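**Student:** So that we are looking at the same thing, I have put the structure below in structure tokens.
Each reported figure results from applying straightforward, stated rules to the coordinates on display, with no laboratory input. Note that the structure is a prediction, hence the values are computed from the model and not measured. In this analysis, Cβ positions are derived from the backbone assuming ideal geometry, glycine residues included, and neighbour counts consider all displayed protein chains.
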Amino acid sequence: MTLLSIDWFFILEKILLISAVLVLSLVVAMYSTWGERKVAAWIQDRLGPNRAGPMGLLQPLADGGKLFFKEEIIPTNSNRFLFILGPSIAMLVACMTSAVIPWGDTLTIAGRTVSLQVADVNIGILFIFGVLSVGVYGIMIGGWASNNKYSLLASVRAASQIISYELPMGLALIALLMLTGTLSLKEIVEQQRHDLWNVVYQPLGFFIFLVTAFAETNRAPFDLPEAENELNGGYHLEYSSMKLGFYLFAEYINMFVSSALMATMYFGGYAFPGMDSLGVSPNLLTMLGFLALFVKILVFIFFFMWVRWTIPRFRYDQLMRLGWRVMIPLALANMLITGAIVLARQH
Amino acid sequence: MQALTNRAKPVDRSPLSFTDKLYVPAIAKGMWITLKHLFKRKATVAFPEQRRQFSPVFRGLHVLNRDEEGRERCTACGLCAVACPAEAITMEAAERKPGEEHLYREEKYAARYEINMLRCIFCGFCEEACPKDAIYMSETFAPSNYQRKGFIYGKPDLLIPDPKQQSK
């Protein structure tokens, strides 16, 4: 009988937390589209969307509604099953990564300690890498199922780009792991809480991670899979209606999640300076920590947009040269230096 | 070849130096420029709420003028139609009947006076040609309509309101 005893509160707590995180990432992604258009407009000396609601704040709702009401077209010669599977995978994978990110410390509600992390798995970083690599399948399958040469070319580009940039990203993270000695994101944050942020020890590693994160999320200047002038829109050329919306949305969720990752791994996550000497109740401190993390994420999202509206797109050979001939050697050097220093300090 | 202006700059074709190859300084420079633009004054005018200032010589939609007694000044001489390079003005003249002296200033008047705003190029030649100060260009602009025939402005659209009737 003891085997069957289920902690219902635990399940309820996790369900609530998962819903909250999902809603949070969807809302942030929604308003990223608004933010993107505003940032683009401001950088180009324009006003940006300002008709729907105050400051155009209802614009994402209008865009979403429009996408839902658009006619849905599935091309005759496409593979129907895979055509629908593509955006589904892209969306699913984009939402999955947020599970291992610690959104805050623990809350104490009615005597129960609730961790603001959906799953504190001890292989958090590995999990993220695994899920990220599945993300490219969404693009690959969508581009292949469309039965269109532009879509196919775009998905081939996407696949090789993501594989090429996953290597330096992984190598940059290995240096971080040598430093922290753990794969759990929660522990990485806790170490930064009592020490300096990891970006101080790993500036080059952070830089490499940042650049590769741009490539992994298909953001400019690495947005070759959706290079409009060459590929007519890229892998989602044949998509319409909400399936197109899912692809676009997945990109924004990915941006949100990678911003959260960078904030967590290199910028202290929910920890902020002077956190433990503030002397407020632990619950309030947790909420403040969550706010700190949120602000960090928003800064990174703004950075993504800022770069997009500044730097022109790379040519494909430039992209590959940068990935293989610059990023990987740099990441390897960073790894060797970090390893040497860690070893020297142990003796 | 002789240079046309003294502003021509020779293209720098020297190979990239090491800092150039790093790209990062150049990117940082570009980011700084876009960051400055983020806070600059916006060039956009939110049109229906805000309007741009016009210069005093702005040429907008036409008006047909009346004299101080509220009589139409136009005498249908056709000089505006002749001056019009876009051939946008059509008119039909009529003779003033006894008892219509309070309506028309001269013995001849325009029974029909039409300007096709889709043809008009807003050059202002009609205004210059008019010997009776009857046609003027206002500061109104951007006519809009759902149909082409809506852009043919007749006398009711062009005539300014009667100053005598308005004062009452």
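**Student:** Suppose every K and R has +1 on its Cβ and every D and E has -1 on its Cβ; what is the size of the dipole of segment A:188-347 about the Cα centre, in Debye to the nearest 20?
**Tutor:** 300 debye
**Student:** Dipole size in debye (nearest 20) for the protein assembly as shown around its Cα centre, Lys and Arg Cβ +1, Asp and Glu Cβ -1?
**Tutor:** Dipole size: approximately 760 debye.
**Student:** On to the next question. Suppose R0 equals 41 Å; then what is the FRET efficiency for A:Ser19 and A:Leu343 from their Cβ-Cβ distance, rounded to the nearest 0.05?
**Tutor:** Efficiency for this residue pair is about 0.35.
**Student:** I've got another one for you. Choose one answer from B:Asp67, B:Asp133, B:Asp20: the residue with the largest mean-square fluctuation in a GNM of chain B with alpha-carbon springs under 10 Å.
**Tutor:** Of B:Asp67, B:Asp133, B:Asp20, the Gaussian network model singles out B:Asp20 as fluctuating most.
**Student:** Now, a different point. Assuming R0 = 22 Å, what is the FRET efficiency of A:Leu58 and B:Arg41, from their Cβ-Cβ distance, to the nearest 0.05?
**Tutor:** Computed FRET efficiency for A:Leu58 and B:Arg41 comes out at 0.25.
**Student:** Okay, helix-only estimate at 222 nm for the protein assembly as shown: each DSSP H run of n ≥ 4 adds -39500 (n - 2.57), divide by all residues, round to 500 deg cm²/dmol; what do you get?
**Tutor:** -16500 deg cm²/dmol
**Student:** What is the sum of charges around A:Glu187, taking Lys and Arg as +1, Asp and Glu as -1, for the other residues whose C-beta is under 13 Å from the C-beta of A:Glu187?
**Tutor:** -2
**Student:** Then there is this: Let me know the shape class of segment B:62-167, please: from the alpha-carbon gyration tensor, a ≥ b ≥ c as square roots of the eigenvalues, rounded when a/c is under 1.5, otherwise prolate if a/b is greater than b/c, or oblate.
**Tutor:** Prolate shape, in that a/c is at least 1.5 and a/b is the bigger ratio.
**Student:** For chain B, which cysteines have no disulfide-compatible partner, meaning no other cysteine Cβ under 4.7 Å?
**Tutor:** B:Cys74, B:Cys77, B:Cys84, B:Cys120, B:Cys123, B:Cys130 - these cysteines have no disulfide-compatible partner (Cβ-Cβ under 4.7 Å) in chain B.
**Student:** Still on this structure: Taking chain A as the reference, fit the longest principal axis to its C-alpha atoms, fit the long axis of helix A:124-145 to the helix C-alpha atoms, and give the angle between the two in degrees, 0 to 90, nearest 10.
**Tutor:** Its long axis makes an angle of about 10 degrees.
**Student:** Hey, another quick one. Which residue, chosen from B:Cys80, A:Leu24, A:Phe10, occupies the Cα position most advanced towards the positive end of the dipole of the protein assembly as shown, where the dipole is computed from +1 (Lys, Arg) and -1 (Asp, Glu) charges on Cβ about the Cα centre?
**Tutor:** After comparing all options, I get B:Cys80.
**Student:** Could I ask something else about it? If you fit an axis through the alpha-carbon atoms of helix A:282-308 and take the longest principal axis of the Cα set of chain A, what angle between them do you get, 0 to 90°, nearest 10?
**Tutor:** So the inclination is approximately 30 degrees.
**Student:** How much net charge surrounds A:Met305 when only other residues with a Cβ under 13 Å from its Cβ are counted (Lys, Arg +1; Asp, Glu -1)?
**Tutor:** Neighbour charge sum, excluding A:Met305 itself: +1.
**Student:** So how do B:Glu114, B:Glu128 line up by other beta-carbon neighbours within 10 Å, fewest first?
**Tutor:** In increasing order of surrounding Cβ atoms, one gets B:Glu128, B:Glu114.
**Student:** If you don't mind, another one. Of the options B:Ile160, B:Cys130, B:Gln147, report the single residue whose Cα projects farthest towards the positive end of the charge dipole of segment B:62-167 (beta-carbon charges: Lys, Arg +1; Asp, Glu -1).
**Tutor:** So the residue we want is B:Gln147.
**Student:** Next question. Which of rounded, prolate or oblate describes segment A:99-152 when judged by the alpha-carbon gyration tensor and an a/c cut-off of 1.5?
**Tutor:** Because a/c hits 1.5 or more and a/b exceeds b/c, segment A:99-152 counts as prolate.
**Student:** Which residue, chosen from A:Ser281, A:Ser146, A:Leu179, occupies the Cα position most advanced towards the positive end of the dipole of chain A, where the dipole is computed from +1 (Lys, Arg) and -1 (Asp, Glu) charges on Cβ about the Cα centre?
**Tutor:** A:Ser146
**Student:** Treating only the Cβ of Lys, Arg, Asp and Glu as charged (+1, +1, -1, -1), what charge dipole size does segment B:62-167 show about its Cα centre? Round to the nearest 20 debye.
**Tutor:** In debye, rounded to 20, segment B:62-167 gives about 360.
**Student:** Taking chain B as a Gaussian network, Cα atoms linked when under 10 Å apart, which of B:Ala129, B:Ala43, B:Ala88 shows the biggest mean-square fluctuation?
**Tutor:** Residue with maximal mean-square fluctuation among B:Ala129, B:Ala43, B:Ala88: B:Ala43.
**Student:** Can you put B:Lys97, A:Lys14, A:Lys38 in order, fewest other beta carbons within 10 Å first?
**Tutor:** In order of increasing Cβ crowding within 10 Å: B:Lys97, A:Lys14, A:Lys38.
**Student:** Checking the a/c ratio against 1.5 first, then a/b against b/c, what shape does the Cα gyration tensor give for the protein assembly as shown?
**Tutor:** It comes out prolate by the Cα gyration axes.
**Student:** Net charge near B:Ala86, counting Lys/Arg +1 and Asp/Glu -1 over other residues with Cβ under 15 Å of its Cβ?
**Tutor:** Neighbourhood net charge equals -2.
**Student:** Springs between alpha-carbon pairs under 10 angstrom, Gaussian network model over chain B: which of B:Gly124, B:Gly60, B:Gly99 fluctuates most?
**Tutor:** B:Gly99
**Student:** Same structure again: Relative to the longest principal Cα axis of chain B, at what angle does helix B:24-38 sit, 0 to 90 degrees, rounded to 10?
**Tutor:** The angle comes out near 30 degrees.
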